């Protein structure tokens, strides 16, 4: 088995892996860092490997695996709604993490991925959802709704009509306790407009 084959067989079933993982795999085989970087470069050029962020890679084609490079994280906003069957639009991955990483839009293997940072105290309200052979963290409907307000994202009339009636009012109020006053006011105004309170 060649080193490239060994790399593939060791990490092809993982969502992501790091350069450190590669070094540990080949520890004791006296492969220099330059050789490892050359191997990575070769696989990236052949489009068999995807670079997600500095020193983090994946053999997975599905961009929904790339969020694991930003762990802890969850998929949120429009992406979470789409994963839960709300709205008709397919969305690119929207990653929400408390980590200090570069925020905003980034392109990974030709796919646009949006990264938002959230305060640690607001990093909650997600469940692991079956996604093909994987379990991925996705914000629940109540947290998704609150994140729309928190991140000042527009909620279309269509989404409001589909989402608001499905919310658990008690859970929304429980979650709201951790948010700032301006978010609480906006949320309660929206809920009252739907006669939910």
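Derivation of every value follows stated rules applied to the coordinates shown; laboratory data play no part. Note that the structure is predicted; figures quoted are calculated from it, not measured. Don't worry about glycine lacking a Cβ; one is built from the backbone with ideal geometry, like all the others, and counts go over all protein chains shown.
Some observations on this one:
- Evaluated at q = 0.20, 0.24, 0.27 Å⁻¹: base-10 log I(q)/I(0), Debye formula over Cα of segment 3-58: -0.67, -1.01, -1.32
- Computed E for residue 135/residue 166 - FRET, C-beta separation, R0 22 angstrom, nearest 0.05: 0.50
- Taking label points 7 Å from Cα along the Cα-to-Cβ direction, residue 31 and residue 9 give a separation of 1.3 nm.
- An ellipsoid equivalent to segment 1-110, defined through the eigenvalues of its Cα gyration tensor, has semi-axes of 30, 14, 12 Å when rounded to whole angstrom and sorted largest first.
- Sequence ranges 140-150, 124-134, ranked by mean other-Cβ count within 10 angstrom, highest first: 140-150, 124-134
- For segment 94-197, the convex hull spanned by the alpha carbon atoms encloses 131 Å³ per residue.
- On full extension, the segment bounded by residue 181 and residue 45 gains 44.0 nm, given 0.36 nm per residue less the C-alpha separation.
- The Cα center of segment 111-140 and the Cα center of segment 30-68 differ in position by 23 Å.
- Relative contact order [Cα under 8 Å, 6+ residues apart], the chain, whole percent: 15
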